[in-house]
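Only the coordinates and a few stated rules stand behind these numbers; no lab work does. These numbers were taken from a predicted model, which means no experiment stands behind them. Every residue, glycine as well, gets a Cβ built from its backbone with ideal geometry; the counts of neighbours run over all protein chains shown.
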Amino acid sequence: MEITLTKDNFEAEVLQSDVPVLVDFWATWCGPCRMVAPIVEEIAQEYDGKVKVCKADVDENEDLAMEYGVMSIPTLMVFKNGALDNTQVGFCTKEQLLEMLLD
């Protein structure tokens, strides 16, 4: 299951999570975002309970995107134990994302 992030639930869903969290910063008008979306969704389903997958629409969450220095989308960030662990900007494969998440 993918969780929709806002400034209000970011801390609870991401920073206080006891499992690794993949955060997908995206926008509806972004082509590469639409290309990576099915991969992110697959990971959310296949690793449900082991990792948390969250999506943040940068148009609706400009403050959040600015706070984390998102300059290009898609930007995929992995948080572990409440801290940013890894970042990938642009399209990437499922294998690359899993490597970031599960290492």
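Annotations
- Within the listed set Pro32, Pro74, Pro20, the Gaussian network model of the chain (springs between alpha-carbon atoms below 10 Å) gives the highest mean-square fluctuation for Pro32.
- Between Lys80 and Gln45, residue separation times 0.36 nm minus the direct Cα-Cα distance comes to 10.7 nm.
- If you run the Gaussian network model on the chain, springs between alpha carbon atoms under 10 Å, then out of Ala37, Ala12, Ala56 the most flexible one is Ala12.
- Global geometry of segment 6-63, whether rounded, prolate or oblate, following the gyration tensor of its Cα atoms and the 1.5 cut on a/c: oblate
- Relative contact order (%) - segment 2-102, alpha-carbon pairs under 8 angstrom, separation at least six: 39 percent
- Segment 2-102 - charge dipole about Cα centre, Lys and Arg +1 at Cβ, Asp and Glu -1, debye rounded to 20: 260 debye
- In this structure, Asp63 and Asp103 have a Cβ-Cβ separation that, at R0 = 25 Å, corresponds to a calculated FRET efficiency of about 0.25.
- The chain: most fluctuating residue of Cys54, Cys92, Cys30 per GNM, C-alpha cutoff 10 Å: Cys30
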